[in-house]
Amino acid sequence: MSELIKKTKLFYEKGYKKKGIEYQRKYPNEELCRFMGRNYFDIHPKKRKKIKILETGCGTGGNAWMLSREGFSTFGVDISSKSIDLIKKLFKKNNLKGNFKTGNFLNIPFKNVNFDLIIDIFSSCCLDKENGKKYIQEVNRKLKNNGKFFSYFPSKNSNMFKFLNKKMHDTDTMISLKNKSSYKIDHPLRFMSTNQYINLLKNNGFKIEYAEELTRTYFFRKEKFTFLVIEGKKIKPSNTS
Ligand SMILES: C[S@@+](CC[C@H](N)C(=O)[O-])C[C@H]1O[C@@H](n2cnc3c(N)ncnc32)[C@H](O)[C@@H]1O
């Protein structure tokens, strides 16, 4: 495991230990709900169990509980063992079914399972550029043919990337941010442009089915943050898989 991934693991492990379930979202990402509506909610509830969905970097289950409640077979992997304890407790308490494992999403566990859908909500952005490419190849390897990938990812159009005083690990990945009026970032955070993400997916066996940008402001409009919302379909294995 690289030093940067170790740093991320420590960062999140500390956060989950300190804040518990409150550390991450309680309700699903809105763009994920819209994506599910566009692609999966017209499937009859009785047929949904056959559809296997994995969230990479599943945190405390804010997205995963919705997938399970809607009747899909739900899987999750996270590098923090504490987050996996929390998600398992959440599922038990709510009588939901799910399969969760601690692990690095560069080497997705669930050895004998291939997925219909893999989702990434602000998680693969914790990887640097080189590992970001490996992640997309790993997602391709674990998807069935015609399986889908959904990602919600930081855009290079964000103020944080364009203007703030930051230390870079590579051209896309910041490793710390110093600015009192902004968030404190103490783990790697990678940004891409929409075209860059489209090309990354296309070069690794995906057809693009949706690519939008969303901007919102923070700190009384002082800071603008842009999110990429992107969907791909696996049409062939990537070169390395
Ligand atoms: C910002 S949180 C998002 C959590 C969840 N997707 C959500 O929307 O609530 C990023 C998550 O990715 C996990 N993560 C980061 N790098 C990882 C890696 N290499 N392998 C597995 N999980 C990782 C972190 O532990 C953390 O739980």
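Could you give the length gained by full extension between residue 114 and residue 212, i.e. 0.36 nm per residue of separation minus their alpha carbon distance, to one decimal place?
Contour length minus Cα-Cα distance gives 32.6 nm.
Overall form of the stretch 89-184: prolate. Here a/c, set by the Cα gyration tensor axes a ≥ b ≥ c, is 1.5 or more, and a/b is the larger of a/b and b/c.
Checking the Cα-Cα distances for 18/93; 82/167; 111/133; 92/166; 9/52 against a 31 Å cut-off, the pairs over it are 92/166.
The share of accessible area on the stretch 1-139 that comes from carbon and sulfur is 50 percent, using a 1.4 angstrom probe. With a 1.4 Å probe rolled over the protein heavy atoms of all chains, the accessible area of 218, 27, 135 falls in the order 27, 218, 135, largest first. Once the C-beta distance of residue 102 and residue 220 is scaled by a Förster radius of 25 Å, the resulting FRET efficiency is 0.05 to the nearest 0.05.
Over the chain, dividing the summed -39,500 (n - 2.57) contributions of all DSSP H runs of at least 4 residues by the number of residues returns a 222 nm mean residue ellipticity of -9000 deg cm²/dmol. Decide, for the stretch 39-124, between rounded, prolate and oblate: order the square roots of the alpha carbon gyration tensor eigenvalues as a ≥ b ≥ c, take rounded if a/c falls under 1.5, and otherwise choose prolate if a/b is larger than b/c, else oblate. Oblate, since a/c reaches 1.5 and b/c is not below a/b. Within the full protein context, the accessible area of residue 8 is estimated at about 10 Å² for a probe radius of 1.4 Å. For the chain, no complete DSSP H run has alpha carbons reaching 27 Å or more along its own long axis together with a mean Kyte-Doolittle score of -0.5 or higher.
Remark: the chain carries 52 Å² of accessible area per residue (probe radius 1.4 Å; ligands, DNA and RNA excluded). When nucleic acids and ligands are ignored and a 1.4 Å probe is applied, residue 4 ends up with an accessible area of around 30 Å².
The values are calculated or read from the model by the stated rules, or taken from the named source; none is laboratory data. Everything numeric in this text was worked out from a predicted model, so none of it was measured. So basically every Cβ, Gly included, is an ideal-geometry build from the backbone, and we count neighbours across all protein chains shown. Side chains are part of the model used for accessible areas, which takes the heavy atoms of the whole protein and leaves out ligands, DNA and RNA. Shrake-Rupley method; radii C 1.70, N 1.55, O 1.52, S 1.80 Å.
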